[in-house]
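The values are calculated or read from the model by the stated rules, or taken from the named source; none is laboratory data. Since the model is a prediction, treat every value here as computed from it, not as a measurement. Don't worry about glycine lacking a Cβ; one is built from the backbone with ideal geometry, like all the others, and counts go over all protein chains shown.
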Amino acid sequence: MAPVAALVLSVATTVAHADAVDTLREFVRDVKSGRAAFTQTVTSPDGAKKKTSSGRFEFSRPDRFRFAYAKPFEQLIVGDGKQVWLHDVDLNQVSVRPMSAALGATPAALLAGKSLDTDFDLSAQPSANGLDWALAQPKQKDGAFQSLRVGFRGKTLATVEIVDGFGQRSVLQFDGFETNVALPEDTFRFTAPKGAEVLRQP
């Protein structure tokens, strides 16, 4: 390849990659609420085991979100802005902890939080599988997550890939993402079901 052509290609590639970080920043700045269907695939560190689940995701900034897992087991995770509730329907068990302790550098913080730069170092990655990718690495190195990759199709959030502290990989793929939608206030309220065991964590 001629030096000039190589230089042009290099500059064009750098600009394209930078767009993914810009798109992520715009998503956090401009998208105040949203909802989508999701499919989550969790792969063990050795790649040998996979588990797939699906459900609905909704969020409203700041710090309110709802993951409603429907298959293969019902589970509900609700952030109400002050606390995060996790309801295991089969066990009829509820875990609750303060938002400040639960959020931090997590996927929920990335998708529904107020600021990226407080918790993450951002960098662009090569486009792949029809998506533009941005890498978000938690600044807190001893946290639960090693890294999060966010993939956009144009301006639409398509995929979030998460690698936890044990090397387990989770891939969230979104479908039918709607942005800046009106969501009822009770979407992000949670009341423990009667008879449920409630475990409060610090």
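See the values below:
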item: Matching entry among 95, 100, 115 (being modelled with pLDDT under 95, touching a Phe, Trp or Tyr at 6+ places or on another chain (Cβ under 9 Å) and among the hydroxyl-bearing types (Ser, Thr, Tyr)); result: 95
item: Sole exception among (1) in a helix (DSSP H, G or I); (2) under 14 Å from residue 108 (Cα atoms); (3) not acidic (Asp, Glu) for residue 25, by number; result: (2)
item: Criterion (within 17 Å of residue 26 (Cβ to Cβ) and either touching a Phe, Trp or Tyr at 6+ places or on another chain (Cβ under 9 Å) or touching a residue at least 60 places away in the same chain (Cβ under 8 Å) (or both)) met by exactly one of 188, 177; result: 177
item: Residues of region 32-66 classified as of a type in the set (Lys, Arg), free of Cβ contacts under 8 Å to residues at least 24 places away in the same chain and either touching a Ser or Thr at 6+ places or on another chain (Cβ under 6 Å) or more than 24 Å from residue 166 (Cβ to Cβ) (or both), total; result: 2
item: Per-region count, region 147-202, residues farther than 22 Å from residue 78 by Cβ, out of contact with any Gly (no Cβ under 6 Å at 6 or more places or on another chain) and among the polar types (S, T, N, Q); result: 3
item: Scan of region 150-166 for residues that are under 28 Å from residue 96 (Cβ atoms) and either surrounded by 12 or more Cβ atoms within 10 Å (Cβ to Cβ) or touching a Phe, Trp or Tyr at 6+ places or on another chain (Cβ under 9 Å) (or both), ordered by number; result: 150, 157, 160, 161, 162, 163, 164, 165
item: Subset tally (residues that are in a loop (DSSP other than H, G, I, E, B) and free of Cβ contacts under 8 Å to residues at least 24 places away in the same chain) for region 130-153; result: 3
item: Residues located in region 64-96, provided they are outside any strand (DSSP E or B) and in contact with a Leu (Cβ under 9 Å, 6 or more places away or on another chain); result: 89
